Every structure is written in structure tokens, then in C-alpha cells.
Amino acid sequence: MSLFKIIKQFTYQCPDNNENYDSYSLTCSRLNANNEQQKDCVIITSHSGYISILQPSISDDREASNQQAIVDEYQPHIVYEAKLNEPILGVLCGNFIQYTQKQDRQNMVAILHPNKLAIYSLVTSEGFVEQGEQSKLQLIHQHELNKPTFTFCKGNFGGVKGKEFICVMFLDGSLKFFEQDGISQNCILPGSRTIPTSFVYVPRIDCFMILAPNWDLECYRYLTLSEAYERRLSPIWSLNVGEYILDMNTHQISNMESVVVLLGENNLICISDSGKIKFIKKLDYTPIAFCTFTVGWYFEPDCKLMIAVATDNGSLLIYQHSTLVWCAELLDETIAIDRGNFNCFSGAIVTLNSTGKLTIGYLGSEPHIFKVPALNLSKLDYEKSKLELEEMEKEINSSVDNSDIPYINATAERDLEIKSRLEFADPSDGTFMRLCVKFIPHINLEQIQLNIMQNPAFAIPKSIFFYNDLQAHERQSFETEIYLSESEVGEIFSSEVAIVVTFINKQSIARILRHSIQIPLRNVVKVVQPQKDAHFKVTLTTSPTVDISVLFSDLTLADVGQAVGLKILNSENPVTVILAKSSNRYRLQSNSLISLVYMMNILIDRLGQVGEETATTSISLKSIPSSTIDYMLSCIEKHHSMRNEMKGVVEMLSSKTIEMRLFERCFLIKMQGKTSGNTMDGIEMLLRDTYNDILALSGKYKAIKANLSRVQIQLTSTIYFIRKVIEYADLPQKITENLLCIMRLGFVNFQEQSWIEALAPYVDYLYNMYQVKENQNQFYDNITFRNDNFSLTRFSKQLKHILSVLTDNFTDDKKTMENAFIMEENETTSNADNDSEWSSKLNPSHEIMATDNE
């Protein structure tokens, strides 16, 4: 372990935590050029389109405490953070527009996209709430490009004063210059430019330093490049550096000389602006990124050129010219490094790793003078913790005021009026429909986003719509097609089309509205012959009974009798609805649990509507077969195994992609110009094998993802089915709450933890709680809290034991239905008997559900 380290002062994790960053993703610059007191801001961009502008600062009270604890880490102030619609290749700050008055001068933010160059201004306004100022990027102008870009640089091209221009390099090696007057010029460099590289502008001599594919560093005058259409291009001088250059910077170190510092794969090279080599430093390590700066002004005799190089083994080496003066250990792997001057301290070292973690620190050493006191690891008192938790919950509930939420929602509905309708090409066929949405803002709105929520049962070509700067009473509308999905995961679980509307008013206050529309049952269901038997069954008890012909009056039913078969258009498994002849019960059965849940929800809703009209209807679910619990556990096992398999495929795909990038970056450059047939055959074979592996892994990933989506829908439908049984069963409130907490509908898988793994601690807690059979005083002594890794076997066993209350007394009906589908059944167990049986298994203070069976 190194004695010298980079001591962290600020840390920040960017929104995009994937490997979408490179050396061009980090820059430190002062945005307000007219304010001498303002220091640098840190700007971070990613290839996925995220941009973050941070202002590191420490308040006075924090500075006082920092004198005693120098190892404290703080979060920098977030000035602006958003995601743009296109990937970001690089960012620069400078005076890119013309100002009429000096006091209005402000540095702009130039963002390079793959096919566009955009200039933004950071606009800061006073907030309307206590949070303070609010900032946003305002687009000044943009240039559409007809070729893919690679990188860009800035400078006062032509020696102009008070202005900065931009030069963009494309993938084919050509250049394009953009001046503030709107003038743009193209330039094609001589020779074959198959590999684009970084380039810099040297202000002292008004020249560009460009690395050619043959590793020649070429110097071109700006005047020559800007008039390329009139004369043949030729460099002032060229020098072969002998290797590929990772990055380059330039600094003026005296009145008569500027230097260009190049970081190669094996050497650190310094060349004067006249083409003379100042020094070449052989590197015995692999460099990753570097930054250069000068200590002192260039017109001073003791001006020093400093170079900081980050290596692949986590070290930071600082050179004064070619002499190593300091070496420190970096705490994170670094791909970009810069130096910034902030309000809290100057000369800070700013680093960025491959996953978007920003670190701002300074050179220090270990051990520190300050020592963190030892933690008090006394044994936890569960009784005391329970009382403290209850007190905190009471305090939180008393401090939260939800009385104004209905008023806020009503205000949002008054601000934006939404109307929608569905149009069908064929009234009897719901496989194709058109959604028409009209909305009228009653106030001026800055932005509106309408998102049609994705339902696996439907395919929507376009689901997101944006509108900007809408005036009051300005009518807007859009239309989109909705298709009934024919894929394997498209079986209908819900026929609701939900539209989530997010809008921002002129006071920058965001509001959210939810608007939904139901697809009529007659457009997605057709009447078929009922089935005699099915795998999944459920019984509903109502009072009084409503005829099937009345419940499904919108369907064409001819001589339906006591049973009807309903088949969803994109499903192969019909649902049979049977009304018992001599009792007030309905049976639903199907071989598809997804279809069964959909029709059960329709039946319960329609029985509820009848109850609202007559005020006499009551609904209860009396039984659930044990096969449903087994089906749910099998879906959980499939989901867990598929997720683990997907993780393995993603890791292999990432490894293959990294190998391909390394090969394209290193091998192809080194093999350029060589004509050895055997060597090229080997490279071609390696490329072909790697591409085939990537394609095979990608296909496998898509197949696993499709199967995983299918299993998730099956698992969601099973959870919804069990929730309905719990909600409509006559159970104690505490038991109902516990079981509903397990059967959550929000099925979300995180990157590091699945929904099942997140639910495991609560299932483990309930399982241990239900095992307690002694008095309440010994309750906590009988619970075993597990802190080990997730075990699917243990989770399935515990969940099955908890849900066994729904199936313990269920006796499956073994009788065969008669041709008329008349069901004659008797209930065999009472609620009191079930309560007593369950109470014998659990603590008396924790009652659980009792079920009736048919």
C-alpha cells in the first residue's frame, strides 16, 4: 500500500452508471466569464446522452469542521443534470457567440453529437420555492452535420481577440470550421485518413497539430486549412512519433515557444511548435489518461510544465517536464483526469472512472492525523427498538400532511383537459384499433410529455409524445395505432390503455395526470364452446346471483344456459364461466391462469356494478387449489434460473465486446501497412470467430429475455389471482395486511437484486413469526434472523408454508361435470373450524386467514 494517496474531498455518482465514458467526457471550466469570483464547474457527459454540471463548494461551517476532519467527503452542488436525446461525444466551454456588451459575456457550452454540433447557454433563475436557484441549458443554435463526427477543439483561429471558434473532425479525417458569424468551411486533409485521432490548436503560431494514420505529427496553418479549396494542402513540418497517440495537449511556456505534449502507448513525448523534440520519456507502465498544466505565467522565467499521468494499475504520476516529482495512489480506476480551481480549494485533481464516478481530491498521505472513533457495537435490544420504531412512525405520520393532495390533483386536472377515444376498423374485431387523444391546456405550459404505458398484450408503434411552449386554450391532438399482440408474451392480462401525462407550467412546477381507457370486452373476446375441465379453477360466492346473460349482455349469447365459454382473441385457452344451479356460486376455469385472471377481474367488476345498482350484492372468494401455489413456485424457480442465466450471458457478452474493442484499437493499427498473408489470415479468423460469438450471445440474450418476460407475466397474474383471494376472503385485518405485503403487484427487477431476492427478508420474517407457539414475552427469542445469501429452496419452502393457509382445507372436486355443466357442491368446512385450525398453528396474537372450500 502506498503512503501517498489522493485524498477525496468530493465524490459524485453520475446518473449513467454504465461504461459510457472516455477521456472526452470530463472538463473543468468557468461558465460565467464576467464574474471573477466564480470558480470552475465540472461538466460530465456520457455516450448515452447524460450531462451533469457540478459546482464543488463548502460552506463556512463545513470549512470549520473540515479543519478537524480532513478526510470528510462531500457531495458537490448539482447545477444542472439532464439526459439529452442523442449521445454525447464531447463537451467544450468558451466564448462561442458575439456579445454586444462586455458585462453580458458568458461562456457557452458546446456539445458534440454524432451528427450535430449544439451550442447551449446555462441560464440560472431565482427559484419560486425555498430550494433556491434553478438552472437549465438553453439552446442557442445548432449545426446539422452530414457525416459522423469524432472529436472537436476550440481556439481563436486566425488570431482574433475576444472570440473562440470551433473545429470538428469527422470519422473520415476531414475538418469543418465554425465561426461566430455563421460561416462554416470544410477541409479535406491530404492522404488516406482511415483512422481519426485527436488534434489540438496552438494559438501562438495559429496552427493545428494533427496526427496522421502513419503516426506523423503534422503542423498545418489555419489560413492554409481555411483556404483548402484554393490551394493544395501541405504541412509546415511533420515528425514521426512512432506510435499511436492516446491524447495530446498544448501549452505556451515562454514568449518564444509553445509545446505539444503527446501521451503515447509506450512513451511521453514533448515537441516544440517548431517541430523539435524537447524530450521523450519511456514509460514502464500502461497509461490511461493524462492532463497538463503550467505553474506560473508563460512570460515568467520560472514557468514550469507539469504533467499528470493516470496508469492502469491505479497510480498517478506527476512529472515536471521529464522528471518524476510525485507518485500517489488513485482510489478508483481512472479513464479521464483534469485539474480545477474551486471555491473551497485550488489545484484540485478531478478524476472520472469508467462507470461515471467522479472524485475531486488533493495529494495527501496516510495515516491521517484524524482517527474515526470506534463504533459502539452493543447488542440490539429488540423490545426497545420496537418501541422506538413505533414512536418514529407516529412522529412521521403526524408530520406528513396529505390533506392538500386531492386539491393538488384537482388543480392539475383543471390545468390540462384530456379526452380520448378508440376507433375500430371492425367493431367485432379488436386486433387493430386507433387511439385518438385530444388535450386542451387552460394555462400556459412549458412542456408536456404523454406516455402510453406499455401493455404486453398490445403493440404500439409510437408511445411517447412531446410538446413544448403551449399557450392556454391551444388545442392539440395525436393519433396512434394499437395492435393486439400476437407474440408469446402478449396474452391479455389487462385491457386497460393508460396514458400518463407529465407537464411543467411556466413556474417550473411539474404535475402528473393519469388517464385510462378500457377496451370493450366484445372487441377482445369471442364466445366459444365451454370446457368440461381445466387445470386452474376458482369459485366466487355472491348474494344474490345474477344470470350470465345479464352479466355479459354486451356479448352475443344464444341459449347460454348455466355455462359460457369465452376466448380471448390472441389466446388459445378459453375461460369457462359456470353458474351453479342450486347455489349462489360462480366457477371460472381455464388452462391459462393469465386468461383466468383477466376474466375473473371482469366478472368481479360487473358484479360490483350490479351491487351499486341494487345495494345488495356481496362477493367472496371461497377457495383456491393447491396447484396454483405450486404453479407460482415453479414460475419463481424459472424466473430465478433465467435471471442467473441472463447474468452469465451479459458477462460473457461484455467480455467479448471488450476483447473486440481492444483488438480494433490496437491490433488493426499495428498491422497497418503489413502484407503478411499468414498473419492477415489469422486476424481475419479471429475477427470472424469473435463476431460469431457476439452474434450467438446476442441471440441467446434475446431468447432468454423473451422467455423471462413470459414468466414475469405468468408470475404477475398468479400474484394478482392470490391477492384477489385474500382481498375477498373473510380474514382478520392483520393477517390480510401481512399476506398482501408479500403479494405485491409492483414486479420490478433491479440490476443487482431481483424482486424475489428483495422479498426474501420479509418472507423469512413472517415465516419465523408464524413458527412462534409460545407466549408474547418469548416472541423475539424464537425468531431467527438470517443474514446469509439468498437461497431459492429456503424461500420457496417458507413462502409455501405461509400461503398454505389458503389451501390447507381445500378439497378438490373430483366429480365429472355432466353434459349440461351443472355443478352440485356442498361446503364442507365452516369459518370457525378453519379459524380454530389455523390458530393451533400460530401465535394467538397473530391470527391468519380462514377459507371455505367447495
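If you go through segment 665-684 one residue at a time, do you hit one that is of a type in the set (A, V, I, L, M) and at pLDDT 80 or above?
Initial filter on segment 665-684 (of a type in the set (A, V, I, L, M)): 668-669, 671, 680, 683.
Retained after the next criterion (residues that are at pLDDT 80 or above): none.
So far as segment 665-684 goes, no, none of its residues is of a type in the set (A, V, I, L, M) and at pLDDT 80 or above.
Report the residue count in segment 222-232 for those that are in a loop (DSSP other than H, G, I, E, B) and either touching a Phe, Trp or Tyr at 6+ places or on another chain (Cβ under 7 Å) or buried (at least 19 other Cβ atoms within 10 Å of the Cβ) (or both).
Filtering segment 222-232 down to residues in a loop (DSSP other than H, G, I, E, B) leaves 227-232.
Of the ones still in play, those that are also either touching a Phe, Trp or Tyr at 6+ places or on another chain (Cβ under 7 Å) or buried (at least 19 other Cβ atoms within 10 Å of the Cβ) (or both) are none.
Within segment 222-232, residues that are in a loop (DSSP other than H, G, I, E, B) and either touching a Phe, Trp or Tyr at 6+ places or on another chain (Cβ under 7 Å) or buried (at least 19 other Cβ atoms within 10 Å of the Cβ) (or both) number 0.
Could we say that G314 is closer than 30 Å to C187 by Cβ and at pLDDT below 90 here? Full working, then the answer.
Working: closer than 30 Å to C187 by Cβ: no; at pLDDT below 90: yes.
No, not satisfied.
Can you name the residue in segment 465-515 that is part of a loop (DSSP other than H, G, I, E, B) and of a type in the set (D, E) and is also modelled with the lowest pLDDT among such residues?
Filtering segment 465-515 down to residues part of a loop (DSSP other than H, G, I, E, B) leaves 471-475, 485-495, 506-509.
Filter once more, keeping what is of a type in the set (D, E): 474, 486, 488, 491.
On the way: E474: 87, E486: 60, E488: 44, E491: 53.
Here the answer is E488.
Output the residue which, of all residues in segment 39-63 that are open to solvent by 60 Å² or more (accessible area, probe 1.4 Å) and under 18 Å from F342 (Cβ atoms), is modelled with the highest pLDDT.
Of everything passing the filter in segment 39-63, K39 is modelled with the highest pLDDT.
Taking the residues in segment 735-792 that are open to solvent by 50 Å² or more (accessible area, probe 1.4 Å) and among the acidic types (D, E) as candidates, determine which candidate is modelled with the lowest pLDDT.
E774
F279 fails exactly one of the following numbered conditions: (1) among the aromatic types (F, W, Y); (2) without any contact (Cβ under 8 Å) to a residue 60 or more places away in the chain; (3) open to solvent by 40 Å² or more (accessible area, probe 1.4 Å). What is the number of that condition?
Condition (3) is where F279 drops out.
Of all residues being at pLDDT 80 or above, of a type in the set (S, T, Y) and in a loop (DSSP other than H, G, I, E, B) in segment 322-379, which is most open to solvent (accessible area, probe 1.4 Å)? Just the residue, please.
Only one residue fits best here, namely S346.
Determine the pairs where a residue that is over 22 Å from S23 (Cα atoms), located within segment 186-211, has a partner that is part of a strand (DSSP E or B) and open to solvent by 70 Å² or more (accessible area, probe 1.4 Å) with Cβ atoms under 9 Å apart, the partner being 6 or more residues away or on another chain.
What qualifies is I205/R221; D206/R221; C207/R221.
For segment 310-318, check the following and say yes or no: at least one residue is over 18 Å from L262 (Cα atoms), free of Cβ contacts under 8 Å to residues at least 24 places away in the same chain, touching a Leu at 6+ places or on another chain (Cβ under 7 Å) and open to solvent by less than 40 Å² (accessible area, probe 1.4 Å).
Residues of segment 310-318 that are over 18 Å from L262 (Cα atoms), as a first pass: 313-315.
Filter again for free of Cβ contacts under 8 Å to residues at least 24 places away in the same chain, leaving 314.
From the residues that got through so far, the ones that are touching a Leu at 6+ places or on another chain (Cβ under 7 Å) too are 314.
Now restrict to residues that are open to solvent by less than 40 Å² (accessible area, probe 1.4 Å): 314.
There is at least one residue in segment 310-318 that is over 18 Å from L262 (Cα atoms), free of Cβ contacts under 8 Å to residues at least 24 places away in the same chain, touching a Leu at 6+ places or on another chain (Cβ under 7 Å) and open to solvent by less than 40 Å² (accessible area, probe 1.4 Å).
Count, please, the residues in segment 184-208 that happen to be open to solvent by less than 40 Å² (accessible area, probe 1.4 Å), under 14 Å from L246 (Cα atoms) and not small (G, A, S). Don't jump to the end; show me each part of the working.
Initially, segment 184-208 is screened for residues open to solvent by less than 40 Å² (accessible area, probe 1.4 Å), giving 187, 189, 193, 196-202, 205-208.
Imposing the further condition that a residue be under 14 Å from L246 (Cα atoms) reduces the set to 196-200.
In the following step, the residues that additionally are not small (G, A, S) were identified as 196-197, 199-200.
So the count comes out to 4.
This table checks each residue for (1) in contact with a His (Cβ under 9 Å, 6 or more places away or on another chain); (2) in a strand (DSSP E or B); (3) open to solvent by 70 Å² or more (accessible area, probe 1.4 Å); (4) in contact (Cβ under 8 Å) with a residue 60 or more places away in the chain.
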site: Y220; (1), (2), (3), (4): no, yes, no, no
site: G242; (1), (2), (3), (4): no, no, no, no
site: T250; (1), (2), (3), (4): no, yes, no, no
site: S258; (1), (2), (3), (4): yes, yes, no, no
site: L262; (1), (2), (3), (4): no, yes, no, no
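Kindly check whether there is at least one residue in segment 585-599 that is closer than 30 Å to P441 by Cα and either under 43 Å from the mean Cα position of the chain (by Cα) or crowded, with 19+ Cβ neighbours inside 10 Å (or both).
Going residue by residue through segment 585-599, those that are closer than 30 Å to P441 by Cα are none.
Scanning segment 585-599, I find no residue that is closer than 30 Å to P441 by Cα and either under 43 Å from the mean Cα position of the chain (by Cα) or crowded, with 19+ Cβ neighbours inside 10 Å (or both), so the answer is no.
The values are calculated or read from the model by the stated rules, or taken from the named source; none is laboratory data. Computed from a prediction, not measured in an experiment: that's the story for all the values here. A quick note on method: Cβ atoms are made from the backbone with ideal geometry, for glycine too, and the neighbour counts reach across all protein chains shown. These accessible areas exclude ligands, DNA and RNA; they are computed on the full protein's heavy atoms, side chains included. Shrake-Rupley method; radii C 1.70, N 1.55, O 1.52, S 1.80 Å.
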